[in-house]
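Visitor: Dropping a structure here in structure tokens format, bear with me for questions.
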Amino acid sequence: MRQKAAASSRVKLSEIFTSIEGEGILFGTKTMFVRLAGCPLKCHWCDTPYALPLDSGSDFSIAEVKELISKNRHPNTYKVNFTGGEPLVQHEAVIELAKFVRQKGLRTYLESACYDSARFAKVLPYIDLVKVEFKLKDSKVLDEKHYGSLLRSELECLKLAVSSGKTSYIKVVVTNSSSLKEFKELVREVFRVAKPAEIAGFIIQPSYKIDEPTLDVLFGFYDAVYPVYDQVRVVPQLHKIIGVR
Ligand code: SF4
């Protein structure tokens with residue numbers, strides 16, 4: 001499951017750009033995306049397949065990426081997202097770059113599938129805003145045999161994030177084939193680990209152009225969360241709707 005990370009002084013960078021945040025509780029904010037290459041997972045609806053192999057990225061030194069961050073900085077940028085691929089594959093680089101971003105007075109944001117809670121714990125002190133993503137089995141993120149260990153890691157990351165007092169929210173992508181029974185079990189697990197007051201949002205994200213959920217299916221997922229957490233939201237990916245990357 002673990003990909004070999006680039007040497008810590010080097011970064012395999014897929015792309016860096018500024019756009020409108022299209023997901024989650026901070027959608028609509030001007031955001032710089034630092035997309036690191038490499039992901040050991042394989043969600044069938046992944047929208048960044050080009051960033052999955054570690055060798056898909058261009059090789060840079062940390063100093064060069066810091067320069068790129070400075071060059072790509074737009075005025076009034078709300079935050080810098082460390083994304084992927086899966087940024088924890090290159091967690092040491094994320095730590096160095098997050099320190100730099102904070103020195104420049106910007107917020108740091110981690111978008112992670114949380115496959116490795118030990119790495120997550122190391123990166124967390126340098127991150128201001130955390131998206132903890134939970135995968136349902138129909139994402140085909142891993143084979144059935146390894147799914148349980150991924151779920152335990154995701155729950156551990158959520159626990160670490162809320163206990164550190166970071167602004168943390170949950171995202172779950174759902175398709176028309178996602179199991180409501182499995183989703184309800186996930187909601188129970190999530191709120192065993194985090195109190196409703198400790199999270200900043202619960203986002204149900206409908207899949208886009210692949211097995212898209214109907215309104216009734218979305219209501220099923222929404223209704224499974226609302227009695228426990230009435231701030232649940234169904235939020236599609238804004239950047240795809242407005243046609244920006
Ligand atoms: S974890 Fe993210 S980057 Fe990796 S396959 Fe899934 S959606 Fe794609």
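Readers should treat all values here as calculations from the given coordinates under stated rules, not as data from a laboratory. These numbers were taken from a predicted model, which means no experiment stands behind them. Here the Cβ is made from the backbone with ideal geometry for all residues, glycine too, and neighbour counts use every protein chain on show.
Visitor: Kindly provide the helix-only [θ] at 222 nm of the chain, computed as the sum of -39,500 (n - 2.57) over DSSP H runs of four or more divided by all residues, to the nearest 500 deg cm²/dmol?
Guide: After summing the helix terms and dividing by residue count, I get -10000 deg cm²/dmol.
Visitor: If you scale each eigenvalue of the Cα gyration tensor by 5 and take the root, what three semi-axes come out for the chain, rounded to whole angstrom and sorted largest first?
Guide: Largest first, the chain gives 28, 19, 18 Å.
Visitor: Also: Kindly express, to the nearest 10 degrees and within the range 0 to 90, the angle between helix 215-225's C-alpha long axis and the longest C-alpha principal axis of the chain.
Guide: It works out to around 80 degrees.
Visitor: Follow-up question, since we're still on this one. Once the Cα atoms of helix 144-163 and of the chain are each reduced to a long axis, what angle between those two axes, in degrees from 0 to 90 to the nearest 10, is obtained?
Guide: The helix 144-163 is inclined about 70 degrees to the chain.
Visitor: Among 159-171, 213-225, how do they line up from the highest to the lowest mean number of other beta-carbon atoms within 10 Å?
Guide: Most protected by this proxy first, the peptides run 159-171, 213-225.
Visitor: Just list whichever of 30/104; 122/166; 12/66; 135/166 have alpha carbons separated by over 19 Å in the model shown.
Guide: Among 30/104; 122/166; 12/66; 135/166, the Cα-Cα distance tops 19 Å for 135/166.
Visitor: Follow-up. Write down the percent of antiparallel bridges among all DSSP beta bridges whose residues are both part of the range 10-242, to the nearest 5.
Guide: 30 percent
Visitor: Right, something else. Going by average Cβ neighbours within 10 Å, how do the peptides 90-100, 138-148 rank, with the highest at the top?
Guide: Highest mean packing first, the order is 90-100, 138-148.
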